[in-house]
Amino acid sequence: MRRKTIGDQELALLQYIGENEPASVGEVAAGFGEARGLARSTVLTMMERLRSKGYLQRAQHQGVYRYQSTAQQQEVVSSAVGSFVEKTLQGSISPFVAWMSERAEVSDNELAELEALVSRLQSQRRED
């Protein structure tokens, strides 16, 4: 089953929880929400929305719900990127590649990852 898409703020929240799980609403509101000017109630609403979409689960520990992610970070990021490419770029990666070519701060590791990806894509194309 395909998960529902999430927005930028939800993705940032999910990544924060993934790095600090399991976490209570209070902990997330203090560590994530305050820096962004988000009220505790807003953080709770976002966390419950992510839970209803299947990205978070919660369990009660000593009377407090503690949340943790249900998906690997890479899966979530991959889904967000796919949604961005489909919705914003109408399925074309060319604008993204053009942006990458103009970006001055591409690290050696990022460049190596891109080269490996291109190599893999060329191999797959030859196999078809």
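So which residues in region 82-101 are within 20 Å of Leu11 (Cβ to Cβ) and polar (S, T, N, Q), if there are any at all? Scanning region 82-101 gives Ser83, Thr88. Of the conditions (1) in contact (Cβ under 8 Å) with a residue 40 or more places away in the chain; (2) open to solvent by less than 50 Å² (accessible area, probe 1.4 Å), Ala29 fails just one. Which one is it? Answer for Ala29: the failing condition is (1). Checked against (1) surrounded by 12 or more Cβ atoms within 10 Å (Cβ to Cβ); (2) out of contact with any strand residue (DSSP E or B) (no Cβ under 6 Å at 6 or more places or on another chain); (3) part of a helix (DSSP H, G or I), Leu50 meets all criteria but (2). A search for C-beta distances below 9 Å between a residue of region 36-53 that is under 14 Å from Leu14 (Cα atoms) and among the polar types (S, T, N, Q) and any residue that is at pLDDT below 95 and loosely packed, with under 15 Cβ neighbours inside 10 Å, counting only pairs 6+ apart in sequence or on different chains, returns Ser52/Lys4.
Candidates Ser52, Ser83: the one that is outside the structural domain of Leu117 (by the TED database), under 25 Å from Glu19 (Cβ atoms) and under 12 Å from the mean Cα position of the chain (by Cα) is Ser83. Within the set Arg126, Arg66, the sole residue that is closer than 16 Å to Leu13 by Cβ and either open to solvent by 50 Å² or more (accessible area, probe 1.4 Å) or more than 22 Å from the chain's Cα centre (by Cα) (or both) turns out to be Arg66. Would you confirm, using the coordinates I've provided, whether Glu110 is open to solvent by 40 Å² or more (accessible area, probe 1.4 Å), without any contact (Cβ under 8 Å) to a residue 12 or more places away in the chain and either in contact with a Phe, Trp or Tyr (Cβ under 9 Å, 6 or more places away or on another chain) or not in a loop (DSSP other than H, G, I, E, B) (or both)? In short, yes. A search for C-beta distances below 9 Å between a residue of region 2-24 that is hydroxyl-bearing (Ser, Thr, Tyr) and any residue that is part of a helix (DSSP H, G or I) and open to solvent by less than 60 Å² (accessible area, probe 1.4 Å), counting only pairs 6+ apart in sequence or on different chains, returns Thr5/Ser79; Thr5/Ala80; Thr5/Gly82; Thr5/Ser83; Tyr16/Val28; Tyr16/Gly31; Tyr16/Phe32. Quick check on Val118: is it in a helix (DSSP H, G or I), more than 22 Å from the chain's Cα centre (by Cα), surrounded by fewer than 15 Cβ atoms within 10 Å (Cβ to Cβ) and among the aliphatic types (A, V, I, L, M)? Spelling it out, Val118 is indeed in a helix (DSSP H, G or I), more than 22 Å from the chain's Cα centre (by Cα), surrounded by fewer than 15 Cβ atoms within 10 Å (Cβ to Cβ) and among the aliphatic types (A, V, I, L, M). Just a yes or no: is a residue in region 10-24 of a type outside the set (A, V, I, L, M) and under 24 Å from Gly91 (Cβ atoms)? Yes. The residues of region 97-107 that are assigned to a loop (DSSP other than H, G, I, E, B) and surrounded by 10 or more Cβ atoms within 10 Å (Cβ to Cβ) amount to a single one, Val106.
The values are calculated or read from the model by the stated rules, or taken from the named source; none is laboratory data. Keep in mind that what you see is a predicted model, and the values were worked out from it rather than measured. So basically every Cβ, Gly included, is an ideal-geometry build from the backbone, and we count neighbours across all protein chains shown. For the accessible areas, the whole protein counts, side chains as well, though only heavy atoms, and no ligand, DNA or RNA atoms are used. Shrake-Rupley method; radii C 1.70, N 1.55, O 1.52, S 1.80 Å.
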